[in-house]
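K.L.:
Provided herewith is a single structure, encoded as structure tokens, for subsequent inquiry.
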Amino acid sequence: MISLNSITIDPFHEQDHIAVSRLLVNSFQGKFQTLVPLEDDDIANLLIGLWEQDPKSATTQQIVAKENGEVVGTLSLKWKDTRFSDRIKIKTSHPIPYSQLFKQFGYLNVCKLMVGLHFLNYQPKANECYVEHLAVRSSHRNKGIGKQLLSWAIGFANNRSEIDKLTLHVADNNKRAINMYQQMDFDIEQSNYNGIRRLLFKEPIWHYMTWRAPLHPRSSMNEKIY
């Protein structure tokens, strides 16, 4: 039996990159397999090659849930910070050459995954903090880890004066996730048909859900979890 007392919430570090990539494929298996006809291990290795996460970014925050030092959950937030809009951004080189990825996984598979990730991308507006993904290992679901990660995100948003809402997108057929978000005081603000996501992921209806910061002095929820 899994106890939440054995789960720690830690900042994402570069050494977590492979474990988090594999966790995302495990958690969103249906979406990935609909997109590219590869085995889970191959999809995970392709994602490792494509996805870059900067732990020092000023407008993103990735955390991981660990049990005995092993990643069992993750959550990624991003927001718009106008203080850094004029800063020159240096484009770093890609860790793995695309030519190598094309040779290993096939040109079409690499392109399809890149297109899929592009159409899942969302740019938050001012004063908005967006949950880019929330994933829990299949063996650790229904144990409260997802709520623990989301509680951390709510505490994070509640402690930043420039953020007044926390938002996310969820597919209509993911009823369990929708129910959890509603239990955590998220409301469905919009429901939209997306033809491109229907074509790519076989999921046409997506909900945009919002949690709004209460009008009272900000608490320190995120500190309590540590």
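K.L.:
Take Ile145 and decide whether it is modelled with pLDDT of 95 or more, among the aliphatic types (A, V, I, L, M), touching a strand residue (DSSP E or B) at 6+ places or on another chain (Cβ under 9 Å) and open to solvent by 10 Å² or more (accessible area, probe 1.4 Å).
P.N.:
no
K.L.:
Continuing with the same structure: So which residues in the stretch 125-144 are under 17 Å from Ala19 (Cα atoms) and not charged (D, E, K, R), if there are any at all?
P.N.:
His133, Leu134, Ala135, Val136, Ser138, Ser139, His140
K.L.:
Quick one: in the stretch 54-71, of everything that is within 13 Å of the chain's Cα centre (by Cα) and β-branched (Val, Ile, Thr), which residue is surrounded by the fewest Cβ atoms within 10 Å (Cβ to Cβ)?
P.N.:
Once the filter is applied, the top-ranked residue is Thr60.
K.L.:
Identify all residues within the stretch 181-193 that are in a helix (DSSP H, G or I) and open to solvent by less than 40 Å² (accessible area, probe 1.4 Å); write none if there are none.
P.N.:
The one that is in a helix (DSSP H, G or I) and open to solvent by less than 40 Å² (accessible area, probe 1.4 Å): Tyr181.
K.L.:
Would you point out which residue out of Leu166, Leu108, Leu150, Leu134 is of a type in the set (A, V, I, L, M, F, W, C), more than 19 Å from the chain's Cα centre (by Cα) and modelled with pLDDT of 95 or more?
P.N.:
From the options Leu166, Leu108, Leu150, Leu134, the qualifying one is Leu108.
K.L.:
Restricting to the stretch 149-172, and then to whatever is assigned to a loop (DSSP other than H, G, I, E, B) and not basic (Lys, Arg), can you tell me which residue is surrounded by the most Cβ atoms within 10 Å (Cβ to Cβ)? Full working, then the answer.
P.N.:
Let us first name the residues in the stretch 149-172 that are assigned to a loop (DSSP other than H, G, I, E, B), namely 159-164, 172.
Now drop any that are not not basic (Lys, Arg), which leaves 159, 161-164, 172.
Working: Asn159: 15, Ser161: 9, Glu162: 14, Ile163: 21, Asp164: 15, Asp172: 15.
Going through the qualifying residues, I end up with Ile163.
K.L.:
Report, ordered by the first and then the second residue, all pairs with beta carbons closer than 7 Å, sequence separation of six or more or different chains, a first member in the stretch 108-130 that is under 22 Å from Leu200 (Cβ atoms), and a second member that is assigned to a strand (DSSP E or B) and among the aliphatic types (A, V, I, L, M).
P.N.:
What qualifies is Tyr130/Leu77; Tyr130/Leu168.
The values are calculated or read from the model by the stated rules, or taken from the named source; none is laboratory data. All values derive from a computational prediction rather than experimental measurement. No Cβ is skipped: glycine too gets one built from the backbone with ideal geometry, and neighbour counts run over all protein chains shown. Calculation scope for accessible area: heavy atoms of the full protein, side chains included, ligands and nucleic acids excluded. Shrake-Rupley method; radii C 1.70, N 1.55, O 1.52, S 1.80 Å.
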